[in-house]
Amino acid sequence: MPKLIWIILAISMAACMKTIPAVKVAEESMVQDCEYVATLSETVDPGKPFYNYLSQESQDKILMRAANLRATHVVWVYDYRMGSAAIAYRCDR
């Protein structure tokens with residue numbers, strides 16, 4: 001019985017794990033021959049107290065949106081604790 005509980009726990013933890021999109025962070029010179037996809041920006045909830053902002057929260061949202069648009073690379077325009085912006089590109093190489 002305890003073995004079954006551990007198996008169920010392991011399966012539920014694996015199902016809840018966050019997946020990282022296959023979008024690479026690049027510099028402008030690396031994507032000059034690539035196709036422009038979109039300019040993406042995200043801000044975190046302004047109703048939160050400032051000390052509750054997660055530094056990765058807006059970055060993760062942008063990377064997910066870029067992956068949904070089938071972009072392969074992003075170039076960060078700005079990245080602050082309250083928000084981020086990036087330009088998404090699709091490179092065939």
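Hey, can you tell me all the residues within region 54-89 that are assigned to a helix (DSSP H, G or I) and more than 12 Å from GLU42 (Cβ to Cβ)? Scanning region 54-89 gives ALA67, ASN68.
When VAL75 is tested against (1) touching a strand residue (DSSP E or B) at 6+ places or on another chain (Cβ under 6 Å); (2) modelled with pLDDT under 90, exactly one condition is not met: (2). In the condition set (1) over 17 Å from the mean Cα position of the chain (by Cα); (2) modelled with pLDDT of 70 or more; (3) outside any strand (DSSP E or B), TYR36 is compliant with all but (3). Of all the criteria given as (1) modelled with pLDDT of 70 or more; (2) among the basic types (Lys, Arg); (3) outside any helix (DSSP H, G or I), the one not satisfied by LYS48 is (1). Within region 1-33, restricting attention to residues that are farther than 25 Å from LEU69 by Cα and of a type in the set (Gly, Ala, Ser), the residue that is modelled with the lowest pLDDT is ALA14.
The residue pairs whose first member lies in region 55-68 and is crowded, with 17+ Cβ neighbours inside 10 Å, whose second member is charged (D, E, K, R), and whose beta carbons are closer than 6 Å, counting only pairs six or more residues apart or on different chains, are SER58/GLU42; LYS61/GLU42; ILE62/GLU42.
The values are calculated or read from the model by the stated rules, or taken from the named source; none is laboratory data. These figures come from a predicted structure and were not determined experimentally. Backbone-built Cβ (ideal geometry, glycine too); neighbour counts: all protein chains shown.
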